[in-house]
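The values are calculated or read from the model by the stated rules, or taken from the named source; none is laboratory data. Predicted model only: the values in this text are computed from it and were never measured. In this analysis, Cβ positions are derived from the backbone assuming ideal geometry, glycine residues included, and neighbour counts consider all displayed protein chains. Only protein heavy atoms, including side chains, enter the accessible area calculation; ligands, DNA and RNA are left aside. Shrake-Rupley method; radii C 1.70, N 1.55, O 1.52, S 1.80 Å.
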Amino acid sequence: MSSLNKYESNTAVAIEQTFYSLFVSKIYILLELVKFRITVLVSFTTALGYFLASDNLGFGFIYPVVGIFLLACSSAALNQLQESKTDMLMERTRKRPLPSGKISRAGVMVISLILLLSGSSILILKTNIGTLLTGLITFYWYNAVYTPLKKKTALAIIPGSLVGALPPLAGWLAGGGDLFDLQMGVVALYFFVWQIPHFWLLLLLYGSDFKKGGFPVLTDVYSELFIKKITFVLLVATVLLGVLITFTGSGIYLASNILIYISSLLMIIEAFSFYVKNRYDRKDVVKTFVSINLYTLALITILSADKLFFLL
């Protein structure tokens with residue numbers, strides 16, 4: 001091969017690698033903008049609601065799951081637009097796409113609007129009005145109620161936790177479930193309660209960072225000991241609700257129930273371990289934070305698999 005051909009080949013490879021790197025970087029920016037790790041969990045809870053309500057094994061769950069996922073992504077992007085100035089002040093968030101200058105405010109607005117319209121279109125065309133309204137109420141509550149409320153009170157997470165209770169309800173309604181069914185009520189209550197200790201554990205990890213952003217934090221109102229006590233109570237309440245779900249029609253197979261009970265016991269042990277320590281360091285808080293999230297993921301997985309096996 002001549003030197004000219006080698007030069008052209010190397011140039012072509014370099015151009016291809018550059019375009020690939022740019023494409024990958026844009027994908028990473030988008031995933032960070034829509035808080036993918038959080039929004040994908042939202043889609044899991046939507047799928048759980050659908051599976052619990054549905055009597056048919058098919059691909060109908062895809063529509064509510066994708067629709068709610070897109071709405072959650074739109075909400076997350078809009079939230080970053082709302083809090084971009086605050087994010088610049090906090091170490092944990094200053095490298096997000098907007099404060100780091102990786103994307104413009106206009107770009108975020110366009111992406112959020114496209115995601116909102118796409119998700120709403122899927123829900124109205126492929127599910128039902130109840131699912132669409134639940135998704136839009138969740139969007140409104142997160143961005144118009146919870147986000148501004150965080151600047152006013154350290155207890156904003158309590159009304160804000162409604163955001164976690166609604167996606168499984170959206171899936172439930174898409175699957176043909178009754179709005180006032182006890183089973184769905186307990187599932188929704190579980191996700192409502194779970195979010196509070198989830199957030200307060202995060203607060204124990206990043207409280208000083210939240211203060212830099214101008215957010216009122218619970219440690220300004222209560223002692224860390226009190227926060228630890230109330231967090232422990234809510235952790236236990238979360239686990240008890242997880243167990244209660246199995247008594248409301250979920251957990252059809254004995255093996256599924258046993259797995260839930262074992263997971264619940266392990267989580268209770270972890271909650272007590274967190275509570276009884278006179279002093280706890282960052283590792284203890286991280287361990288409990290990861291544990292309650294893994295417990296929730298295990299609960300979603302076990303209950304979904306249980307119903308899917310029943311429908312086979």
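Of the helices (runs of 4 or more DSSP H) that lie entirely inside the stretch 35-136, those containing 3 or more residues that are under 20 Å from the mean Cα position of the chain (by Cα) and of a type in the set (F, W, Y) span 36-53. What about V42, is it closer than 30 Å to V163 by Cβ, open to solvent by less than 50 Å² (accessible area, probe 1.4 Å) and at pLDDT 65 or above? When the stated conditions are applied, V42 passes them. Given the conditions (1) open to solvent by 20 Å² or more (accessible area, probe 1.4 Å); (2) in contact (Cβ under 8 Å) with a residue 40 or more places away in the chain, and given that S263 satisfies all but one, which numbered condition is not satisfied? Failing condition for S263: (2).
Would you check which residues across the stretch 212-229 are assigned to a helix (DSSP H, G or I) and under 22 Å from the mean Cα position of the chain (by Cα) and list them?
First pass over the stretch 212-229, keeping only residues assigned to a helix (DSSP H, G or I): 212, 218-220, 224-229.
Correct list: L218 only.
Within the stretch 139-174, the set of residues being open to solvent by 20 Å² or more (accessible area, probe 1.4 Å) and of a type in the set (G, A, S) comprises A144, A174. Answer yes or no as to whether D220 is farther than 16 Å from L52 by Cβ and among the acidic types (D, E). Against the criterion (farther than 16 Å from L52 by Cβ and among the acidic types (D, E)), D220 qualifies. Hey, does the stretch 294-309 have a residue that's open to solvent by 70 Å² or more (accessible area, probe 1.4 Å), within 24 Å of L169 (Cα to Cα) and over 22 Å from the mean Cα position of the chain (by Cα)? Looking for residues that are open to solvent by 70 Å² or more (accessible area, probe 1.4 Å), within 24 Å of L169 (Cα to Cα) and over 22 Å from the mean Cα position of the chain (by Cα), one finds at least one in the stretch 294-309, hence yes.
Checking the condition out of contact with any strand residue (DSSP E or B) (no Cβ under 6 Å at 6 or more places or on another chain) and open to solvent by less than 70 Å² (accessible area, probe 1.4 Å), which residue from V286, V276, V221, V233 passes? Can you show your working first?
Values: V276 fails: open to solvent by less than 70 Å² (accessible area, probe 1.4 Å); V221 fails: open to solvent by less than 70 Å² (accessible area, probe 1.4 Å); V233 fails: open to solvent by less than 70 Å² (accessible area, probe 1.4 Å).
Sole residue among the options that is out of contact with any strand residue (DSSP E or B) (no Cβ under 6 Å at 6 or more places or on another chain) and open to solvent by less than 70 Å² (accessible area, probe 1.4 Å): V286.
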